[in-house]
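All remarks here apply to the structure that follows.
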Amino acid sequence: MPLDISKRCDVGNRLVQLTGAECFSITDLFLILFEIGTYQISRYIGYCHIFFFGRCFVASTRALARRVSFKEVNVKDVSGRLVVACFLLNSLISASSLWAIVQRTKLCLDFSVTAFFLHLVASLIYNSGWPYSASWWVLQFSCVTITCVLAEFLCMRSEMKSIPLGMSARVDL
């Protein structure tokens, strides 16, 4: 039985029939890894800028410790509230950078969770232990939710824009 041309993909030298999935090549893998790396870098740069301006209100020099330390996330003192505010504001910047870099609604959840998972790994390496603070987990889940929902909203708005059909372009035959 011959394969339908619209449902096959060239993998190497053989044709494979697709079952609802797309055909990915090695360039797609590099594109996704590049997008994840670019998105992660933009998140940390955004956080550093927010924290730099917020540090004017609190005298502190430990920027990396504030980003990845579990103990720094609290609402008891001013510096802890600054860290929480920086994380929440960075969620807005992360959503806009996700919209600018990825530009696909379906991938917003994947990229958001991947970025925060990579942040968890970096925090585990830095702190040499698992976070037991409930406030840290609540903050991370809040940031993931804000980032994902806002990025999906922005991407969906971009995808739903009407495609301009040039009414003025005419062909004279």
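The values are calculated or read from the model by the stated rules, or taken from the named source; none is laboratory data. Model, not experiment: these values are computed from the prediction. Note: ideal-geometry Cβ built from the backbone for every residue, glycine included; neighbour counts use all protein chains shown.
Conditions tested, residue by residue: (1) out of contact with any strand residue (DSSP E or B) (no Cβ under 7 Å at 6 or more places or on another chain); (2) modelled with pLDDT of 80 or more; (3) crowded, with 17+ Cβ neighbours inside 10 Å.
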site	(1), (2), (3)
PHE24	yes, no, no
LEU33	yes, yes, no
ILE93	yes, yes, yes
SER97	yes, yes, yes
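Just give me the residues in region 105-136 being farther than 20 Å from CYS148 by Cβ and not aliphatic (A, V, I, L, M), in sequence order. Show your work before the answer.
First, the residues of region 105-136 that are farther than 20 Å from CYS148 by Cβ: 124-135.
The answer is TYR126, ASN127, SER128, GLY129, TRP130, PRO131, TYR132, SER133, SER135.
In this structure, does SER135 turn out to be hydroxyl-bearing (Ser, Thr, Tyr) and in contact (Cβ under 8 Å) with a residue 60 or more places away in the chain?
Yes: the conditions hold for SER135.
Taking CYS86, is it touching an Asp or Glu at 6+ places or on another chain (Cβ under 9 Å) and closer than 22 Å to LEU150 by Cα?
No: the conditions fail for CYS86.
If I ask for residues that are more than 18 Å from LEU89 (Cα to Cα), part of a helix (DSSP H, G or I) and among the hydrophobic types (A, V, I, L, M, F, W, C), which ones from region 112-139 would you list?
PHE117, LEU118, LEU120, VAL121, ALA122, LEU124, ILE125, ALA134, listed by residue number.
From the list TYR44, TYR39, which one is in contact with a helix residue (DSSP H, G or I) (Cβ under 7 Å, 6 or more places away or on another chain) and modelled with pLDDT of 80 or more?
On the way: TYR44 fails: in contact with a helix residue (DSSP H, G or I) (Cβ under 7 Å, 6 or more places away or on another chain).
It is TYR39.
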